[in-house]
RNA sequence: AGGGGUGUCGCCAAGCGGUAAGGCACGGGAUUUUGAUUCCCGCAUUCGUAGGUUCAAAUCCUGCCACCCCUGCCA
């Protein structure tokens, strides 16, 4: 018996124990509609469904719920597959609702034969008008009592294309007085002349989600059909289909709360607007909550999965702080990212007492967390750059960095002393004239000087100019209640720096993440043909508190 | 009396009648050639609320309150 980590696994365990389900046949499915890009919310569902598969040694298909040809595209299906691959999940099969169209149609005929469904001639408006309200029952359709023969004939003619779109539909005959509106003779088949991305123009009738889904689950052998909370009201209909059609074993639908994350827009509509209005560079913009965006951002899939595991699965509506995701990303990257040095705002430093033309190599630790420390060489010479933020003319108390007449250590190299400041004609700091302490070299410092601060630097001779980008959130940190999306848009979610970076970062694969020391985690990214350094997540900063 | 759900620390979330896990965040301290990391220590006498049952209740019962979802031929 596996140890349950959430209420769904608890249910599965109980069912196995009671013999309700075969422990060797646990099966789930990841069921996106191929009508858009997957986002971080889907990652939660992916982790849940594939988590159950892996835990119970069961199966999990990628089920593309393509019952509405007007919204679905091949392009989305391919993007979905790529995202799943990125997360490292392997599905047993790729199946589509459309693979089962013929069988679903037969099941509809069966419902008609059993007197459980009828062809209704009312228009969508009429059906809506007769559905009743939340507090009042609906009215039965005048076509509700057609004979089985007539229903069958009409349903066949619907398929044959004898009726225009919307003129007729197939409805389940359940209960127009049900307090659950989904049970008031729901439409289960509609006439729709739309080219389907997989079946083309073969069909002009398409099953509705509520009818197709339980059938597809059953046909695949799904034992547990996991979906989000808004489908709770649909479960009676899901069960109705299974029971009337005599499914055995009948799949069980279980609902869980969808993921909400602060400062993130998840709605497809708004995401689309961001793309269309040019607020972002596309669906894969590093600021987007889409999986393609997160991947482009450099969020490690391991960290995303860790996040999903840590937030858990429950039924309470909740909103997770984005800082939780960031913590997971930092934790992973801290252990796995190589360190490198770059400066966002280069400030020239000349080491006046260092010999002209001399260059030496210092040892730089690749990742201080490694058990077996690895180092690489970095050139050091008379001319270097430090970050302008690491020098202050008017330092606050407890300032650890460089100040006039102060000392600071250059990471992996020497301690320097700021002797003089060169200003430009506008009075801005242009250059620092420093002297280095010759016997303070990293590794064999015999100078006896204790410095509080250590800062990163880039050697002028081999530093590369590069645009460095840091990101803010797409949504401002506001009370989401009552606030319109457009009012919450953060118009300044990109900060651009003309920085310098050591050449080492170009020697690895483009997706390699680095911790730019004291700056954050970054990776290279090609934006409009130009290579930049793009922020993955910042480093935690306790100093500003 | 529409129906279906949910309410445990700032944010997630365990708990399933025996006297409030854990993570993130936060506060304090130690170590640190990243003000990072790591390491200690602290962080709900209380579980939406009011009653009841019980030797014992976050867990059982009853009432109330709050929030979410449902009137697509969308999923």
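The values are calculated or read from the model by the stated rules, or taken from the named source; none is laboratory data. Just so it is clear, the structure is predicted and the values come from calculations on it, not from any experiment. FYI the Cβ positions are ideal-geometry reconstructions off the backbone, even for glycines, and counts take in every protein chain you see.
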Quick count over region A:116-131, residues being surrounded by 17 or more Cβ atoms within 10 Å (Cβ to Cβ) and near RNA strand B (Cβ under 7 Å from one of its atoms), is 3
Next on the checklist: Tell me yes or no: at least one residue of region A:256-279 is in contact with a helix residue (DSSP H, G or I) (Cβ under 9 Å, 6 or more places away or on another chain), surrounded by 16 or more Cβ atoms within 10 Å (Cβ to Cβ) and farther than 27 Å from residue A:476 by Cα.
Outcome noted: yes
Expected output for region A:156-177 (first residue on the phi > 0 side of the Ramachandran plot, partner assigned to a helix (DSSP H, G or I) and within 13 Å of RNA strand B (Cβ to nearest atom), Cβ below 9 Å, 6+ apart or cross-chain) is A:166/A:124
Conditions (1) crowded, with 16+ Cβ neighbours inside 10 Å; (2) touching a residue at least 12 places away in the same chain (Cβ under 8 Å); (3) within 13 Å of RNA strand B (Cβ to nearest atom) -> residue A:379 fails only (3)
Picked from region A:143-180 (must be touching a strand residue (DSSP E or B) at 6+ places or on another chain (Cβ under 9 Å) and within 8 Å of RNA strand B (Cβ to nearest atom)), the residue farthest from residue A:209 (Cα to Cα) is A:167
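Let's see how each residue does on (1) within 16 Å of RNA strand B (Cβ to nearest atom); (2) closer than 25 Å to residue A:298 by Cβ; (3) surrounded by 13 or more Cβ atoms within 10 Å (Cβ to Cβ); (4) over 46 Å from the mean Cα position of the chain (by Cα):
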position	(1), (2), (3), (4)
A:395	yes, no, yes, no
A:398	yes, no, no, no
A:431	no, no, yes, no
A:436	yes, no, yes, yes
A:441	yes, no, yes, no
A:445	yes, no, yes, yes
A:448	yes, no, no, yes
A:454	yes, no, yes, no
A:469	no, yes, yes, no
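This table checks each residue for (1) assigned to a helix (DSSP H, G or I); (2) within 14 Å of RNA strand B (Cβ to nearest atom); (3) more than 26 Å from residue A:232 (Cβ to Cβ); (4) over 11 Å from the mean Cα position of the chain (by Cα).
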| residue | (1), (2), (3), (4) |
| --- | --- |
| A:258 | no, yes, no, yes |
| A:263 | no, yes, yes, yes |
| A:266 | no, yes, no, no |
| A:271 | yes, no, no, yes |
| A:280 | no, no, yes, yes |
| A:286 | no, no, yes, no |
| A:292 | yes, no, yes, no |
| A:295 | yes, no, yes, no |
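Condition first: within 13 Å of RNA strand B (Cβ to nearest atom), farther than 28 Å from residue A:273 by Cβ and not in a helix (DSSP H, G or I). Can you find one or more residues in region A:22-33 that meet it?
yes
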Scanning region A:181-195 for residues that are surrounded by fewer than 21 Cβ atoms within 10 Å (Cβ to Cβ) and more than 8 Å from RNA strand B (Cβ to nearest atom), the one farthest from residue A:156 (Cα to Cα) turns out to be A:183
Out of (1) at pLDDT 95 or above; (2) surrounded by fewer than 16 Cβ atoms within 10 Å (Cβ to Cβ); (3) in contact with a helix residue (DSSP H, G or I) (Cβ under 8 Å, 6 or more places away or on another chain), the one residue A:25 does not meet is (3)
Condition set in contact with a strand residue (DSSP E or B) (Cβ under 9 Å, 6 or more places away or on another chain) and in a helix (DSSP H, G or I), scope region A:52-75, selection nearest to RNA strand B (Cβ to nearest atom): answer is A:52
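When region A:332-358 is examined, which residues are found to be free of Cβ contacts under 8 Å to residues at least 40 places away in the same chain and surrounded by fewer than 16 Cβ atoms within 10 Å (Cβ to Cβ)?
In the first step, residues of region A:332-358 are kept if they are free of Cβ contacts under 8 Å to residues at least 40 places away in the same chain; the result is A:332, A:335, A:355-358.
Passing the criteria: A:335, A:355, A:356, A:357, A:358.
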Of (1) out of contact with any strand residue (DSSP E or B) (no Cβ under 6 Å at 6 or more places or on another chain); (2) within 26 Å of residue A:336 (Cα to Cα); (3) surrounded by 17 or more Cβ atoms within 10 Å (Cβ to Cβ), residue A:513 satisfies every one except (1)
Within region A:311-326, residues within 6 Å of RNA strand B (Cβ to nearest atom), within 12 Å of residue A:262 (Cβ to Cβ) and assigned to a helix (DSSP H, G or I) come out as A:323, A:324
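Might you check whether a residue that is surrounded by fewer than 19 Cβ atoms within 10 Å (Cβ to Cβ), touching a helix residue (DSSP H, G or I) at 6+ places or on another chain (Cβ under 8 Å) and not in a loop (DSSP other than H, G, I, E, B) occurs anywhere in region A:212-223?
Start the filter on region A:212-223 by keeping residues that are surrounded by fewer than 19 Cβ atoms within 10 Å (Cβ to Cβ), which leaves A:219, A:221.
Subsequent filtering for residues that are touching a helix residue (DSSP H, G or I) at 6+ places or on another chain (Cβ under 8 Å) retains A:219.
Now drop any that are not not in a loop (DSSP other than H, G, I, E, B), which leaves A:219.
Yes - at least one qualifying residue is present in region A:212-223.
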Residue A:339 meets each of (1) more than 8 Å from RNA strand B (Cβ to nearest atom); (2) within 23 Å of residue A:454 (Cα to Cα) with one exception, condition (1)
**Prompt:** Out of all the residues in region A:201-210, is one or more near RNA strand B (Cβ under 8 Å from one of its atoms), touching a helix residue (DSSP H, G or I) at 6+ places or on another chain (Cβ under 8 Å), at pLDDT 95 or above and in a helix (DSSP H, G or I)?
**Reply:** yes
| request: Inspect all residues belonging to region A:134-142 and state whether any of them is touching a residue at least 12 places away in the same chain (Cβ under 8 Å), more than 13 Å from RNA strand B (Cβ to nearest atom) and closer than 30 Å to residue A:51 by Cα. | output: no
Would you say residue A:36 is in contact with a helix residue (DSSP H, G or I) (Cβ under 6 Å, 6 or more places away or on another chain) and touching a residue at least 12 places away in the same chain (Cβ under 8 Å)? yes
For region A:400-429, the count of residues that are within 47 Å of the chain's Cα centre (by Cα) and either near RNA strand B (Cβ under 8 Å from one of its atoms) or within 20 Å of residue A:355 (Cβ to Cβ) (or both) equals 12
